[in-house]
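Some notes on the structure that comes next.
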Amino acid sequence: MSEMSREYEIAKEHYEAVGVDVEEALRELEAISLSIHCWQGDDVGGFERPDSSLSGGGIQVTGNYPGKARSVAELRGDLEKMYSLIPGTHRLNLHASYGEFGARFVDRDRIEPEHFAGWASWAKGQGIKLDFNCTCFSHPKANDGFTLSSKDPAIRSFWIEHVKRARAVSAYLGREQNGSCIHNIWLPDGTKDYPVDRLGMRRVLERSLDEVFETEHPSGEMKDAVESKLFGIGSEAYVVGSHEFYLGYAITRGKLLCLDTGHFHPTELVADKVSAVLPFLPELLLHVSRPMRWDSDHIVVLNDDVRMLCEEIVRSGRLSDIHIGLDFFDATVNRIGAWAVGARATQKALLAALLQPQQRLLELEEGGDLIGRLALLEELMVVAIDSVFPNPPGPPALPCNLQVRVAHRDDRCALILKVLESVQIRDTSRSDETHAKCVHGISS
Ligand SMILES: [Mn+2]
């Protein structure tokens, strides 16, 4: 028996001793498809024009690490590499600005399913499903800070048309993949300083959303989600689509609510919101991110926030109603590595939650043994999950995770080497001189 499988057997026995079925936990983990965001691969630039880049919207990408995907083909290559570093089958979350528009510029109010046919066919070939988002930022008509809540009828109708078309694209993708595509609406709308017409702007947004949703698409093709935010750069004082606004909207209109872990006060526990909204919502969308002091969109790591979020997802018993997306973008490091680390951290948190003896914890809590509950939870923090964390399929075998554990030092090195190797692969395919020089400097 290899060292790895021996460790697995020992870990399995330990978990069984506290009433946890490891095989079952792994089956449940395998059934969870993360919706992985395309925008980590090119710093939220999109491909509407050559050299498109993120602008406005109150969000920012920092860093200029070499290797940013410059075309749809490069992004797909990077995505394929990223998926190979993650166990399981996962979805891809696309933004409308990532269409294949050809040589002619196609404005947002003119997008069609045909611009995403290439993505649908690529996804089929990869055996993955797609989710979709309207893109209501990085556009001259979003520069004054308002889209669907704009009081300018021309601006407002432009964005209503865009979101309607993005929903139609989602329905098309859903038909192509024979499974629902989740369309998420996030808007940057808000003001830098205190406005006097908070209610007026929210009423405009409510009306615009109602208009956007006039067309009904079968839920087997697409489902709608709405994403709130606390503040952005330039919208510090007021965001039209706040949490309370969208919570009310989602409940009254039967839409999915999207909770982004970076879109709340930094001391607020987003994990606590899962059980607060689930009684009122049939389904929920999560955007897992790592805010550092603000909505900074750092790469997700296995921290308390993510662990507790995953515990709440698992404990809710509503795993199939909760869609887990990732939302971060860091341009200071290798982007394929960023995706892989963030996705694997989310999976590790899910696995850790699935491996908790929920029944035993509940008995301790209901029996008033609160120190017993604390002691067990505390012990579980240091039970190594890496002995049972699955490897992605196909050779060469990948290590379990990056958790500090001496026995697996070689495995950890192997993962880092795999990530570096992906940089080298890109080095040969993207022959720009500066890029090659930087990569050489990093990998040597
Ligand atoms: Mn988000």
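The values are calculated or read from the model by the stated rules, or taken from the named source; none is laboratory data. It should be emphasised that the depicted structure is a prediction, and the values quoted were computed from it without experimental measurement. Note that each Cβ is placed from the backbone with ideal geometry, even for glycine, and that neighbours are counted across all protein chains shown.
Worth pointing out:
- Residues in the range 132-186 that are over 19 Å from SER33 (Cα atoms), in contact with a His (Cβ under 8 Å, 6 or more places away or on another chain) and assigned to a helix (DSSP H, G or I): ALA166, ARG167, ALA168, VAL169, ALA171.
- Cβ-Cβ contacts under 7 Å between residues 6 or more apart (or on different chains), taken from a first residue in the range 76-101 that is polar (S, T, N, Q) to a second residue that is part of a helix (DSSP H, G or I), are listed as ASN93/CYS38.
- Subset of the range 267-284 (residues that are touching an Asp or Glu at 6+ places or on another chain (Cβ under 9 Å), in a loop (DSSP other than H, G, I, E, B) and farther than 13 Å from TYR246 by Cβ): LEU269, VAL270, PRO282, GLU283
- Qualifying position, being without any contact (Cβ under 8 Å) to a residue 60 or more places away in the chain and surrounded by 15 or more Cβ atoms within 10 Å (Cβ to Cβ), among LEU256, LEU284, LEU199: LEU284
- Being in the same structural domain as VAL239 (by TED's automatic domain parsing), among the polar types (S, T, N, Q) and not in a loop (DSSP other than H, G, I, E, B) is not true of SER296.
- Subset of the range 250-266 (residues that are more than 16 Å from the ligand (Cβ to nearest atom) and either assigned to a helix (DSSP H, G or I) or among the charged types (D, E, K, R) (or both)): ILE251, THR252, ARG253
This table checks each residue for (1) assigned to a loop (DSSP other than H, G, I, E, B); (2) over 20 Å from the mean Cα position of the chain (by Cα); (3) over 21 Å from HIS183 (Cβ atoms); (4) not aliphatic (A, V, I, L, M).
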| site | (1), (2), (3), (4) |
| --- | --- |
| GLN60 | yes, no, yes, yes |
| ASN64 | yes, yes, yes, yes |
| GLU74 | no, yes, yes, yes |
| PHE101 | yes, yes, no, yes |
| LYS124 | no, yes, no, yes |
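- Residue in the range 137-149 that is under 17 Å from GLU216 (Cα atoms) and buried (at least 21 other Cβ atoms within 10 Å of the Cβ) present: no
- Per-region count, the range 203-249, residues outside any helix (DSSP H, G or I), over 20 Å from the mean Cα position of the chain (by Cα) and among the hydrophobic types (A, V, I, L, M, F, W, C): 5
- Of the residues making up the range 164-185, those that are away from the ligand (no atom under 16 Å from the Cβ) and in contact with a Leu (Cβ under 7 Å, 6 or more places away or on another chain) are LEU173, GLN177, CYS181.
- Just one of the numbered conditions (1) touching a Leu at 6+ places or on another chain (Cβ under 6 Å); (2) at pLDDT 95 or above is not true of ARG315: (1).
- Selected residue [under 23 Å from ASP197 (Cβ atoms), polar (S, T, N, Q) and within 16 Å of the ligand (Cβ to nearest atom)] from SER242, SER289: SER242
- Filter pass, SER275 being within 15 Å of the ligand (Cβ to nearest atom), of a type in the set (S, T, N, Q) and either within 24 Å of CYS38 (Cβ to Cβ) or surrounded by fewer than 19 Cβ atoms within 10 Å (Cβ to Cβ) (or both): no
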